Amino acid sequence: MRRYLALFILVLLSGCGINYVKQVSPGDVIGNDRAVIVYGVKVEGLWGYPQFSISLDEYDAQTGKITGNCLIHTKTLATVDSARRDVQYFAFDVPPGQYVYSPFNANLLSGGNVAFEAAAGKHVYVGEFVYEKNRAVTLRQNLDQAKAPIASLFPGVKGNLSAADTRTVKSPNIFICTP
């Protein structure tokens, strides 16, 4: 019995076990009760690690906080090889709502934080998050330039992609999972 209790406690404390986001594969069909978020990641500067990641967290506009806790954390996570210098695009099937540049990212977003609206049944383009030579992460948004590579990677998004509605928000705080 003690062994099972210890295992149960370890599972609870492992942190962020449930995520209602799924990375989209080419051929996936997304229901009208869900949204799709598309964004790119690029490394231009010298990042001292083999991989670089950008995460967006579900955001509650009423409280100004991310919705995550130690058991459920709804977030996207895009990881690229830091040696590559081209933009790599990712698409995520997400619950409708607002998403924000995660406070768990290694670097703050230049120019302040932005919340992105992902409405049910919509496919939204956020932009490209670029780690620059000055070690800052910036958001570049050029939907016209991004449409062709996104359409070739994710044919189900082709023709349905629009720019995400955005608004500037205060950067939310992180949560800490400890015993």
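Readers should treat all values here as calculations from the given coordinates under stated rules, not as data from a laboratory. Computed from a prediction, not measured in an experiment: that's the story for all the values here. Every residue, glycine as well, gets a Cβ built from its backbone with ideal geometry; the counts of neighbours run over all protein chains shown.
A Gaussian network model of the chain, with springs between Cα atoms under 10 Å, assigns the largest mean-square fluctuation among 60, 93, 33 to 33. Bridges between two residues of region 103-179, per DSSP, are antiparallel at a rate of about 65%. Here Kirkwood radius over Cα pairs in Å was calculated from the structure, and among (1) 16.7; (2) 19.5; (3) 17.1 it sits at label (3). Counting 0.36 nm for each residue step from residue 46 to residue 152 and taking away their Cα separation leaves a gain of 35.3 nm.
If a spin label sat at a point 7 angstrom from the Cα of residue 23 along the line to its beta carbon, the backbone N atoms of region 90-133 nearer than 11 Å would be those of 90-92.
DSSP beta bridges fully contained in the chain are about 70 percent antiparallel. Per residue of the chain, the DSSP helices (runs of n ≥ 4 H) give a summed -39500 (n - 2.57) that works out to -4000 deg cm²/dmol at 222 nm. Taking only pairs that are 8 or more places apart or on different chains, how many Lys pairs in the chain have Cα atoms under 16 angstrom apart? Summing the qualifying lysine pairs gives 8.
Residues of region 27-70 falling in the label zone of residue 106, defined by backbone nitrogen less than 15 Å from a point 7 Å along Cα to beta-carbon, are 41-55.
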